[in-house]
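Remarks on the structure that follows.
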Amino acid sequence: MLTFVPMIDATSIKHFDYHLPDDRIPHYPLEKRDEAKLLIYSNGSIQDRKFKDVSDQIPKGGTLILNNTRVINARIFLNRESGARVQLFLLNPLQPTSMELAMAAKNESVWNALVGGGKRWKVGERLILNQGEMSLKAERMTKGGETSEVSFSWDTDQTFGEVLEALGKIPLPPYMQREAEESDEFRYQTTYAEVNGSVAAPTAGLHFSQKVLSNLENKNVSIEKVTLHVGAGTFKPVSNVDYTKHPMHAEYIEVYAETISALTKSTFKVAVGTTSLRTLESLYWLAVSLKAGRKEFVVKQWDPYELKDSFDSYNEAMEFLLQLNLDRISAVTAIMITPEYSIKSIDALITNFHLPKSTLLLLVSSAIGDDWRKVYEHAMSQQYRFLSFGDSSFLKIRK
């Protein structure tokens, strides 16, 4: 476990609490993505701009790193014969375990899912959802604990991804307190979403319009893409008073060798969202673990605090990964970035405003130290909107 400099309540999550009024959490996005407010933080100073001006903050020749994951229609509603409604929230595939293969599966697939309203749904009982010529069958395989294994089968020639597109709903965060609507199919996705697999959007990217991306390209800013499939654990608050006791959720990442190579050539790197940053930092600790002799491509929760760092720079670690001669790096990461962590990969972070007592707020503290309070107090006083459909911030990383 972690070792810290002795302080009274040094790792208490209470230090990362604040009051978030309900009226600061928008249930719908702005009409135009790039009209969101943009708080700019650098060395203790704060400015207020619009997100459409974000290109002004990234120097010519800089690099922007986006998470190109795409939210799947992971929420499915079925009815038992009694008429009782059962809600399934798909978390991760079990057969096959690869998200790519699971979305391409035909005829059957097994998933780990949260079950709502299914107290009387028995193991072995099959529910059927019919829509037009499409029929999806869901059979409960296990019961007990927070999640259940659910086996899906269908008779049409569609892939499971296509079945979800037709029958499922976008899984909006619970704090929006509403059902998904047709507009969410577009607005709860980034404009550059490509790879199916997330059950929550990488929301820092929701502000990017095609015009903003074009402005960046015209400024000779390189745009690179990584993939981290966001899991439901992103909504899980830190319930233990000591945040070092929080079990971090694991997520799948994938980065192509060309992207890793591009990262080594950039002099100013900006990660869009906490998911992109976690991916970049995970690459570093994956390199450390592989160099130390670990065989599996896994980054454990406390690797950054327990492994002996064997690289002098981020670029050196990326060069090590390139020497593996793989066309892409695929791994599972449970990295937890706490206030004590020193960010290695980037110079700035674009991110929304996060829930109190969350792992995402711990990450922000790692980026800008105790000034996170100053930033959030300013955002609150200037009527910024918080969480998924809220406003944005551009944070220069403390060095």
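Every number here is computed from the coordinates shown, using simple stated rules; none is lab data. What you see is a predicted model; the values in this text were computed from it and never measured. We place every Cβ from the backbone using ideal geometry, glycine too, and count neighbours over all the protein chains shown.
The label-point distance for ARG120 and SER153, in a model that sets each label 7 Å from Cα toward Cβ, rounds to 2.5 nm. Where in the stretch 176-201 does the amide nitrogen come within less than 18 Å of the point 7 Å from the Cα of HIS27, taken along Cα to Cβ? Under cut-off, by backbone N: 176-185, 187-188. For ALA105, nonlocal amide neighbours, meaning residues 5 or more places apart or on other chains whose placed amide H falls under 5 Å from its own, are PHE160, GLY161. Loop-located GluC sites (Glu not before Pro) in the stretch 270-314 (DSSP state other than H, G, I, E, B) with a sparse environment of at most 14 neighbouring Cβ atoms within 10 Å: GLU296.
For a quick check: sort MET134, MET318 by the number of other beta carbons within 10 angstrom, fewest at the front.
The order, fewest Cβ neighbours first, is MET134, MET318.
Sorted fewest first by neighbouring Cβ atoms within 10 angstrom, GLU149, GLU133 come out as GLU133, GLU149.
Each of TRP302, TRP285 was scored by other Cβ atoms within 10 Å of its Cβ. Listed from fewest to most, they are TRP302, TRP285.
Each peptide in 155-166, 13-24 was scored by the mean count of other Cβ atoms within 10 Å over its residues; highest first, the order is 155-166, 13-24.
Only loop residues by DSSP count here, and only those with at most 13 other Cβ atoms within 10 Å; note down the trypsin sites (Lys or Arg not before Pro) in the stretch 97-136 that meet that. Within the stretch 97-136, the qualifying trypsin sites (Lys or Arg not before Pro) (loop, at most 13 other Cβ atoms within 10 Å) are LYS119, ARG120, LYS122. Beta bridges per DSSP, both residues in the chain: antiparallel share near 70 percent. If you take the Cα centroid of the stretch 275-293 and the Cα centroid of the stretch 126-173, the two points sit 34 Å apart.
With a ≥ b ≥ c the root eigenvalues of the C-alpha gyration tensor of the stretch 84-168, is it rounded (a/c under 1.5), prolate (a/b larger than b/c) or oblate?
Details: a/c = 1.95, a/b = 1.27, b/c = 1.54.
Oblate.
Modelled label positions at SER42 and LYS60, each set 7 Å beyond Cα in the direction of Cβ, lie 1.7 nm from each other.
Under 11 Å from a point 7 Å along the Cα-to-Cβ line of ARG80: which residues of the stretch 139-175 have their amide N that close? It comes to no residues whatsoever.
Could you pull out the GluC sites (Glu not before Pro) across the stretch 1-89 that fall in loop regions by DSSP (anything but H, G, I, E, B) with no more than 13 other Cβ atoms inside 10 Å? Of the GluC sites (Glu not before Pro), the ones in loops of the stretch 1-89 whose Cβ has at most 13 other Cβ atoms within 10 Å are GLU31, GLU81. Near the amide H of VAL221, within less than 5 Å, lie the amide hydrogens of GLY61, all on another chain or at least 5 residues away, with H placed in the peptide plane. Computed about its Cα centre, the charge dipole of the chain is approximately 560 debye, with only Lys, Arg, Asp and Glu carrying charge at their Cβ. Estimated purely from DSSP H runs of n ≥ 4, each contributing -39500 (n - 2.57), the mean residue ellipticity at 222 nm for the chain is -6500 deg cm²/dmol once divided by its residues. Quote the relative contact order of the stretch 84-168 in percent (integer), defining contacts as alpha-carbon pairs under 8 Å separated by 6+ residues. Value for the stretch 84-168: 31 percent. In this simple spin-label model, placing a label point 7 Å from the Cα along the Cα-to-Cβ direction at both GLU217 and ALA10 gives a separation of 4.8 nm.
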